[in-house]
Structures are given as C-alpha cells and as structure tokens.
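Here the structure comes first, spelled out in structure tokens, and everything after it is commentary.
Derivation of every value follows stated rules applied to the coordinates shown; laboratory data play no part. Everything numeric here is computed off the predicted structure, so don't read it as measured data. Here the Cβ positions follow ideal geometry from the backbone for every residue, glycine too, while neighbour counts run over all protein chains shown.
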Amino acid sequence: MTSTPDFSHLWMPFTHFQDMVENPPIVIERGEGIYLFDREGRRYLDAIGSWWVNVFGHCNPAISAALHQQIEKLEHVLMAGFVNEPVLELSNRLARILPPKLSRVFYSDNGSTAVEVALKIALQYHRLRGSARSEFVALGRAYHGDTLGAMSVGSIPEYHTIFHERFRHHHFTDTLYCYRCPCGCQKETCSVECLDSLEKLFLNRGENIAACIFEPMVQGAAGMQVYPAKALKRIFDLCERFGILTIDDEIAMGFGRTGTMFACEHAKNVPDIMCLAKALTGGFLPMSATAVSEEIFGEFKGDYASERILNHGHSFTGNALAAATACASMQLMLEHNVPEGLNPLIQHFQMQLEQWRGRPYVGDVRGIGLVGAIELVADPATGERFAASDRIGHRVGLEALHRGLLIRPLGDCVYFMPPYTATLSEIDEMLDATRESVDAVLNA
Ligand SMILES: *Cc1c(COP(=O)(O)O)cnc(C)c1O
C-alpha cells in the first residue's frame, strides 16, 4: 500500500506552484533502461534522460556495480593533500578522451559550478598575466546554469532578466536560432551574419573581454536551437583573431550527444576551457569537470608567496562515489564505442524525426546526433507562435504523461534526448506517443 504523498514541504525547481497543486509530482519508485516506474507500477518512457543526464539507461547495472564496490571502500575524502583512487583514475580516463590540449581537470559537483570555475579561472588567468580583462561575452539566449555567475552569462529572459537587473550581466550576441534567424537568413546559404554581433562586440570592447562562453552546436535550454558548424567555427575564429579565451560549455552536448565525442569537434577546434557534467556519471551522481589547457594551468604554477593558486573548491570536490560512477560511465563510452557506435541509432532517430516535417502545427524540425526537437506553432506558413497563455507545450507534456511518456517540453518546443542504450523500437514508441499527445492537444 502506498500512502498519499505529502508535498507540503517541497519546493520544486522550474515549477509554478499552481502546476504543483493541479498536477502533483509523480513519485517514481524505480527505473530500468529507458523506463521509469511509479508507485502504482505505471511505466514512463524517459525521452529526455531526466534532464539530459541519463545516457546509459536508468539503474545501469555496470554503473550500479561500480558504485556498490566503491561504497564498501570509501565514500569521500577531502581533495587537498589527499586524493581518492577513483578520481585519479577518472582524470586519466578523461585525459585519454579529451583533446590533448585540455590536460588539466578541476572537479566540482554540477554544471553551474563547472561554469563558475571556468569564469573564475579565466578572470584570474588574465590577472596573473597582468591584464585587466574582466568581461565575458555569451550568445543570445545562452544558458550556462543557475548560480549567479553562470546567470550573468545567461540570457533567457524568463530565467535571467530579474537577476541581470539586480546582480550583473555581461555581453550577448544575437541568438543562433536558424528557424527564426535574427538576420532573416536561410540556414543553408547564410554566412553566419548573426555573429557579426560578436565581431562588433570584440571590435568595441575586445581589450576588456576575458573570455567568450558558448554552448557548442545546440543552444539547449533556449529550445534545442541547433546551429550549423560554420557558426561554431566563426566563434572560434573570432576569438582567435581577438586573442580571447574560449569557454566551451559541453555540459549538455559533450560525451557523444551530437554524434562526435565533444561537440566542438564539428568545428574542428579545441577550446581553452571546457565544461563537462550531465553525462559524466551516466546520470547517477552529481559531478562536473572543468578541463583547461596546460597553458592556462601554467599561469597557476608558483610558490606559496605568489597569487598563483586557485582558491576554489567544494566540500564534495572529487567525491569518490561520484568519481567511481564516472569511471564506469567512461568505461561504457568505450564499450558502446561512443560516438561511432551510436550511428545506427542516430540515423534511425533522425530519419523518424524528419517524418514530422510538414505536419499540422509543426513549424520546425531540428536535430543533430541524439538530440531532436519539434517546434509547434500556430501557423507553420508564417511561424506565428501560439499565445503563451495557451501553454501548448505544457499541455502536450501532460498528455504525454497519460500515455506513459516523459517529455516535458521547453515552451512549445518538444524535444528528445534519448539514452544511448535506447532500442530502435523504443525510439519509435517515443515518437509515436509524442504524435498522439500532440494530436490530442491540437486536434481538440
Ligand atoms: C544543464 C546545463 C548547465 C547547468 O548544469 P547544472 O548541473 O544544472 O547546474 C550549464 N550549461 C549547460 C549547457 C547546461 O545544459
């Protein structure tokens, strides 16, 4: 027997109180593969990897086993003067996967702090070189996390505006949104005019800019805005021309999601700093990493009387349990031959996604690797949006739950981030249930 859950002490992230009352959270009891099961035994296909973290299925047995083994030995030890075995192993495993230039890894516990660390390293790096560079540039509609520093380089109005007004914000380019191009261009023929705005910022303020931070290939939280590799390349090229550090936020798109191990590979470039999190532990435990070039780390080498120390750390930096799950997750990356091994799944997924083009109320279909999105609009001919008050995406998400599907759209953008272990028929089930959910809302 299950008792009626009491939610009266819970504060849920990204959730309106009214929604929490009208559609109380579903209590999940267990997970297996792509599925979650609630206390009544109802099954939900998790199409978004529980906010993009789950890549090898829920309760993956290999990661579970690694966690069990580690928990018998050591749960945690501070990471100054000491280091645990899993984190040492993880660093060596990451070094083998990462571009060779990114040779040093700093650990923290979530994506936002991986970004905070990157921003602090960039600021202090310039200071150590006697430069006053202290400003950042980010993309329009960027998302880099919810802590204050990460929000100062984020520009999604619903999340960031009140904090930009009250705390601080940096500089933003046009957004990279091909479906609604800010410059009125077509994706296939454009010359990345949207990033003229980046060039202009560098021309105007270049000497003050410490670094440029960006989500590679896909602006995720903005609504899975997939953008072409030539745009990413232009970001790298402009940063190089103006001598500005690159911070590549691979938190969502790293570890194979876009069909390459790291999304920056689409532009054949390597950043100065890379942030990793979500898939790092396969979705088991919170852990993140900020990888930097030896050149940047070099500025932090000095004797105890110098300022050459990064005074940053968290209670749980390099946690042994999290590191053990990350090692297991990295082992699975090898065993599944990520990224090449994902190709059959990617091909099937992208082909099925293409079937959505031209359907009623489908404005845009966009995808890369194992990311896909469908933007629902009131009028596909003009791209006219639904009224926000209609909450179309929200209602599609609720319909999906009735059909045993977890999608949780971003606004009116329905998107998918299936695990790498999904089967072709699970992909079909996911897209079929989505179609039924969309039809149920829009044909009503
Ligand atoms: C999720 C995300 C973050 C923040 O990570 P958290 O673990 O939620 O703090 C930062 N950047 C990108 C691109 C993300 O997708």
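Cα centroid distance between segment 1-55 and segment 254-294, in Å?
Taking the Cα centre of each part, segment 1-55 and segment 254-294 sit 28 Å apart.
Check each of the GluC sites (Glu not before Pro) in segment 176-270 and keep only those in coil by DSSP with at most 10 other C-beta atoms within 10 angstrom; list them in order.
Passing both the DSSP loop test and the Cβ count: GLU188.
Could you tell me which of the pairs LYS120/LYS301; LYS73/LYS101; LYS187/LYS233; LYS278/LYS301; LYS200/LYS278 are separated by over 22 angstrom between their Cα atoms in the structure shown?
Checking Cα-Cα distances, LYS73/LYS101; LYS278/LYS301; LYS200/LYS278 exceed 22 Å.
For segment 147-202, which trypsin sites (Lys or Arg not before Pro) pass both filters: DSSP loop (anything but H, G, I, E, B) and at most 13 other C-beta atoms within 10 Å?
Those that pass, being in a loop and sparsely packed, are ARG168.
Computed over the Cα atoms of segment 345-389, what is the convex hull's projected area averaged over all directions, in nm²?
3.4 nm²
In segment 71-146, how does Rg compare with the Kirkwood Rh, expressed as the Rg/Rh ratio over alpha carbon atoms?
1.04
Calculate for the chain the 222 nm mean residue ellipticity that helices alone would give, adding -39,500 (n - 2.57) per DSSP H run of length 4 or more and normalising by residue count, nearest 500 deg cm²/dmol.
-10500 deg cm²/dmol
Can you run the Rg to Rh ratio on the chain? Use alpha carbon positions and the Kirkwood inverse-distance Rh.
Rounded to two decimals, Rg over Rh is 0.96.
Once both labels are modelled 7 Å past Cα along the beta-carbon direction, what's the GLU340-ALA132 spacing in nm?
Result: 5.2 nm between the two label points.
With 25 Å as the cut-off, how large is the P(r) tail for segment 328-444, expressed as percent of Cα-Cα pairs?
26 percent
At R0 = 25 Å, how high is the FRET efficiency between HIS16 and ARG166 if r is their beta carbon distance? Nearest 0.05 is fine.
0.75
Convex hull over the alpha-carbon atoms of segment 127-259: what's its volume per residue in Å³?
121 Å³
As an exercise, use a Förster radius of 22 Å and the Cβ-Cβ distance of THR382 and LYS200 to find the FRET efficiency, rounded to the nearest 0.05.
Efficiency, rounded to the nearest 0.05: 0.15.
Could you work out how far apart the two model spin labels at GLN355 and GLU40 are, taking each label as a point 7 Å from the Cα in the direction of the beta carbon, and quote it in nm?
Once both label points are built, they end up 2.9 nm from each other.
Hey, got a sec? Which GluC sites (Glu not before Pro) in segment 25-72 land in a DSSP loop and have at most 10 other Cβ atoms within 10 Å?
Hits after loop and neighbour filter: GLU40, GLU72.
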